[in-house]
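Report on one structure; see the data block that follows.
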Amino acid sequence: MPGCLLAFVASAVVLVVVGALNRPPPWLDLVFVLPIASAVATVWAGVYAVRSWWEAYWRLPVRVHYTAVVCAAAVLLRMLYYWNLLGLRL
Amino acid sequence: MSATATDMAQFMLAHLNGGAVDGNRILSSEAVDAMHRQWFTLHEQLDGMAFGLQRQRRDDVLVLRHSGGVPRFASDLLLVPELGLGLFVSCHNGNAFDAKAAFVDAFLDRYAPVDEPHLVPDGRPARADAIEGQYRSIKVTERPTYGKLPWALFSTRPIDVRFEADGTLVTDTGGNADRWVKVEPLAFREDDGTITHLFREGSVTAFEPVSWYETMGIQARLAAITALVVLSGAVGWPLGTVRRWYRGGPSLSGGPRRAR
């Protein structure tokens, strides 16, 4: 999940830096699959974040970190939604 | 569409000479008149749009204008029909927008100066708190595609609106600040008293207020912080797996494994 999300953010930065948005490459649609997959994975991870507390999977610091990553991913995805980057809105 | 500065000069001369230049007619004089009149305005007190040209008044002198640009490139076309005056300017490089704006402002101040009346602000208006804040072009806020972010970053600038203690209204577009003094009550849409749009002289588009968390500064910080935390997961989770494998400890199973 985090890798997928960061891959999208990184590819978006690269596309902007090389000026590819003036002439969008044909594979641009594929890049937008990444945030959708990340959203699905984040929901999945969110369920496990709750279970990790409920069923005490890990030591406390690990649980806190896992929950922080899921929350950060959720905020980042909400920002992608605001900027029309979540979903195919070409 | 691309054109050379020489061609733009011919085009402007045709507009200033009733549609003909050097005996060659490209527009009827009626067409020129029709192209210069108002076709649309955001508000009846603003001069609005002519046909492809933005109208504005310098005192009573009509200025027709079409500006444009892409990152690192900015152009402007100005016609002042009453004075038989035209200007076409193109700038490139990082500060193209500011360089062009400074040149056009200086040109207009020299050839179509505005007699600035001495206005005295009458204190902070009652609704100042509701008015202050950041406004963003509807070219960004209403954009339904992924171009929203590139437009916000590279093609438009937000307007920061604030009042000074004496009631002077300041509209600041990235260091380019204009100061306004109220000459009549500010207009509000009366339905629920919220401010929905900002219109200003000299701008073709309307602006919408944005919440504090939608301002670019907050969005950039939030993106950086959340990306770092997500990065800690992207690096930390596989590292944890490797460490457990290296130490020979029990690997995760069941729920904890599926969680990653």
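Remarks
- A simple rule links phi to the HN-Hα coupling: the Karplus curve 6.51 cos²θ - 1.76 cosθ + 1.60 with θ = phi - 60°, which for segment B:95-112 gives 9, 4, 4, 5, 4, 5, 4, 5, 5, 5, 4, 5, 4, 5, 4, 7, 9, 9 Hz, with x for Gly and Pro.
- Geometric extent, Cα atoms of segment A:1-52 - Rg, Dmax (angstrom): 13.8, 45
- All lysines inside 26 Å of B:LYS148 as judged from Cα atoms, apart from same-chain residues fewer than 8 positions distant: B:LYS100, B:LYS139
- Taken over segment B:69-169, the alpha-carbon convex hull comes to 158 cubic angstrom per residue.
- Degrees separating the helix B:5-16 axis from the principal Cα axis of chain B, which is the longest one: 50 degrees
- Residues whose placed amide H lies under 5 Å from that of B:GLN54, excluding near-sequence neighbours: B:ARG65, B:HIS66
- Ordering of B:85-91, A:71-77 by packing [mean C-beta count within 10 Å, highest first]: A:71-77, B:85-91
- With contacts taken as Cα pairs under 8 Å and at least 6 residues apart, segment B:94-174 reaches a relative contact order of 29 percent.
- Neighbour count of at most 16 Cβ within 10 Å plus DSSP loop: longest GluC sites (Glu not before Pro)-free window in chain B: B:45-131
- Computed from label points 7 Å out along Cα-Cβ, the spacing between B:LEU239 and A:VAL16 is 2.7 nm.
- Whole-Hz couplings from phi, Karplus 6.51/-1.76/1.60, listed for segment B:124-131; x for Gly and Pro: 4, x, 4, 9, 3, 4, 6, 8
FYI, it's all coordinate maths here, none of it is from the lab. Computed from a predicted model, the values in this text were never measured in an experiment. Don't worry about glycine lacking a Cβ; one is built from the backbone with ideal geometry, like all the others, and counts go over all protein chains shown.
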